[in-house]
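Below is one structure, written out as structure tokens, with a few remarks after it.
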Amino acid sequence: MQGISSLIEQKGVAAGNITKDILETTIQRVLERAGMTTQRISAPQDNNQPRDTNHLHFMTFYLLPKYFAFPRMTSSGAWILWWFGDKYHGFPPLKRIHTHDLPSQALHKSFSDMSVFVRHIAKAAASAGSPVPKDMTDKRAAEVFRTGMENLQLTPSTCKCRLAELSVATIVRLVRETQAISQTTL
């Protein structure tokens, strides 16, 4: 038992960083060392396929765990989280999430702001000749984000040099203010 507890502590149970796969692999190694098994229990997994972990709470399956909260991040971080998720914490790309997957009503506003933000960036990038591809890569995501931020229609007084450092809510507010001003001048 000493080996099991030290291996589990080494993998980060106390910090909450252990996943089901890590735990299964660790237990399998301990059993193999003890000579209790010679075969792998789990089947090999295809790493190319996106893997979503379903979380059960209140007798319903969700794509996000009950403890999920949107992290404080810049707009560029939000863009990455939208397209690629957070592999470290096991969160899927937010583009695949719906409001019913959010564990609380309080997260709906943040999710709404993020989806509006992504639509504005994608629209600005597409109008500049850099449309969002179906299969997004890291490099392409950076290009589309940069193009979209550079072509975002904002009031002239807004400093564009640091837009990528602003929060999603701030950028959405600035876009809405610009749209309101342009509608009143029509």
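Just so it is clear, none of the values below were taken in a lab; they were calculated from the coordinates. Everything numeric in this text was worked out from a predicted model, so none of it was measured. Heads up, the Cβs are rebuilt from the backbone with ideal geometry, glycines too, and the neighbour counts pull from every protein chain shown.
Close amide-amide hydrogen proximity is noted between F91 and D86, each under 5 Å apart and 5 or more residues distant or on a separate chain (H modeled in the peptide plane; Pro and chain starts excluded). Mind checking the log10 I(q)/I(0) for the stretch 54-186 at q = 0.10, 0.12, 0.17 Å⁻¹? Debye, one equal scatterer per Cα, no solvent, two decimals. Computed log10 I(q)/I(0) values: -0.36, -0.50, -0.93. Can you give the log10 of the normalised intensity I(q)/I(0) at q = 0.16 Å⁻¹, computed with Debye over equal Cα scatterers of the stretch 68-142? With one equal scatterer per Cα and no solvent, log10 I(q)/I(0) is -0.59. The T185 and R72 beta-carbon pair, evaluated with R₀ = 35 Å, returns a calculated FRET efficiency of approximately 0.50.
Kindly put T99, T185 in sequence by how many other C-beta atoms sit within 10 Å of each C-beta, fewest to most.
Going from least to most buried by this count: T185, T99.
Holding the Cα-Cα limit at 23 Å, pick out from K66/K139; K95/K123; K66/K134; K95/K139; K109/K139; K95/K134 the pairs that are longer than that.
Details: K66/K139 32 Å; K95/K123 16 Å; K66/K134 30 Å; K95/K139 18 Å; K109/K139 29 Å; K95/K134 12 Å.
With Cα atoms farther than 23 Å apart: K66/K139; K66/K134; K109/K139.
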